[in-house]
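Nothing in this text is a laboratory measurement; each read-out follows from the coordinates by a stated rule. All values derive from a computational prediction rather than experimental measurement. Counting neighbours? That spans all protein chains shown, and the Cβs are built from the backbone with ideal geometry, glycine included.
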Amino acid sequence: MNTEGVLGREWPGRTVATAPLPGHPTRIRVRVADTVIDGSAVDLRPWSITTDEAAAAIRGRGEECTIACASPGPLFDALGVVDASLSLSLGRVLATVARRRGYREATGELASVRTELATLAPPPCDLAEKRRQVADAGDDESALAERVATLRGELLARKEANEDVSETEAALADAVAELTTVRTERLAAEQALERAQADARTIRDQRERRLRLQDRERNLARALCRDLADNVYEAFADAVRTVPGTATPGNSVTEYDGDDATAAFAVLRMVRTATPAVLAVDRFRSPEHAADVLGVPVVRV
Amino acid sequence: MILVVTYSTDARQTLRNVCTAHEGAVARRLGRATLFEETGLGAFLALRLREKHGSDVQIERTRPFNEFVAVPEGIRNAAQAYEERSSASTPYEKFQSGTAHPAPRELRGRALNDDEH
């Protein structure tokens, strides 16, 4: 009989340890207050330890309570604490399990999508300054056009009243000349904005391409994760039927119909880590029963 | 109306959130783009999106399309006649040659009438 456990064999040199035999979870040592408890199932309910405190202890950051055990990996983050608030991404978790069992996804297209994404660096397209110039030039032009109209009216009135018009005529000539200049500036600003808008179209094409690639990347990654998870789905379904709960596993990760705690129990039973699981739900007769069914050390809080 | 087009996943998500929160300001949702009502609120929401996501947000102003004002009669007639053609596979260029309908090159170069009243 192989005594290294599945993971120990497939991942030599990894610190992930596994229980030697099904039904024989690794023993841990818990120190709480002045008490030391050894075993594979430790009931901390008399000490009112919270799930957070227990998880911190397993991560080696315990204060009131410390736990000597194998250090937790990514799966502990996902399902190391089973309580009412557990929210499990089953596909992702089972993909992790599959990877630990040596399965690999075919990343061909995903890799090429990521390579292209890495080469895309669309420049910014900020036309605010050019829009402001057009707006300002338009304001200047309106103000001057108004001034020209006023001066024309004044000139007419003065002529009719037989008054001296030389000053008004000069002012009008100046205003008309200035209006011509400002109008030219406004046209130039509008043309500059139009050119910038044409350039922006190319930049937006690039940004659109990037967005499509990002969507493609996400969909591919999701599909690959599902495929990867399905490699171990049969084993997961078997485990679901063994642990307490009413879930119906179906034939693939998308068909799982049940609660997250049941799924977490099944995954724990599949991986049989030496890292303990923290349980804060009433699903087992006793912590010992839980450790026995799950094959992992159990800390009951 | 105010057309807002997004060009990144984050900007698209913010646009979705904004549309859900301000349904009254939304005239039409079009995937990663939205037509906002032409009101101060519509403009405010559009500008907020651009403040947050910069170049990943494009804002344009649209106006109603009145073909009887903006489009020369020849173009309208050509569209109607082409859709009534007898052979579905005839390309427009072939369809119009030898007729009074405008050539594709003419259509491309033709600006529309200003339809402001």
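May I ask you to say which residue of A:Thr202, A:Thr184 is surrounded by fewer than 15 Cβ atoms within 10 Å (Cβ to Cβ), farther than 30 Å from A:Ala106 by Cα, within 14 Å of chain B (Cβ to nearest Cβ) and hydroxyl-bearing (Ser, Thr, Tyr)? Outline the logic, then answer.
Numbers: A:Thr184 fails: within 14 Å of chain B (Cβ to nearest Cβ).
Residue meeting the stated conditions: A:Thr202.
For the list (1) closer than 26 Å to A:Arg31 by Cβ; (2) within 14 Å of chain B (Cβ to nearest Cβ); (3) among the small types (Gly, Ala, Ser), I need the number of the one condition that A:Gly73 fails.
Failed condition: (2).
Return a yes/no flag: does the range B:40-59 have any residue that is of a type in the set (Ser, Thr, Tyr) and more than 14 Å from every other protein chain (Cβ to nearest Cβ).
From the range B:40-59, those of a type in the set (Ser, Thr, Tyr) are B:55; that's our starting set.
Those still in the list that are more than 14 Å from every other protein chain (Cβ to nearest Cβ) too: none.
The answer is no; no qualifying residue exists.
Output the residues belonging to the range A:103-138 that are small (Gly, Ala, Ser), more than 22 Å from A:Asp215 (Cβ to Cβ) and within 14 Å of another protein chain (Cβ to nearest Cβ). Break it down into steps so the answer makes sense when it comes.
Residues of the range A:103-138 that are small (Gly, Ala, Ser), as a first pass: A:106, A:108, A:111-112, A:118, A:121, A:128, A:135, A:137-138.
Narrowing further to those that are more than 22 Å from A:Asp215 (Cβ to Cβ): A:128, A:135, A:137-138.
Scanning the range A:103-138 gives A:Ala128, A:Ala135.
Can you name every residue in the range A:245-256 that is assigned to a helix (DSSP H, G or I) and surrounded by 15 or more Cβ atoms within 10 Å (Cβ to Cβ)? Quick ask: steps written out before the conclusion?
At the first step, the residues of the range A:245-256 found to be assigned to a helix (DSSP H, G or I) are A:253-255.
Residue satisfying the conditions is A:Val253 alone.
Quick one: which of B:Ala70, B:Ala33 is away from chain A (no Cβ under 14 Å) and among the hydrophobic types (A, V, I, L, M, F, W, C)?
Sole residue among the options that is away from chain A (no Cβ under 14 Å) and among the hydrophobic types (A, V, I, L, M, F, W, C): B:Ala70.
Output the residue which, of all residues in the range A:209-244 that are part of a loop (DSSP other than H, G, I, E, B) and crowded, with 19+ Cβ neighbours inside 10 Å, is farthest from the other protein chains (Cβ to nearest Cβ). Steps first, please.
Quick first cut of the range A:209-244, residues part of a loop (DSSP other than H, G, I, E, B) only: A:232, A:243-244.
Those left that are additionally crowded, with 19+ Cβ neighbours inside 10 Å: A:232, A:243.
Details: A:Val232: 30, A:Val243: 37 Å.
Across the range A:209-244, the extreme among qualifying residues is A:Val243.
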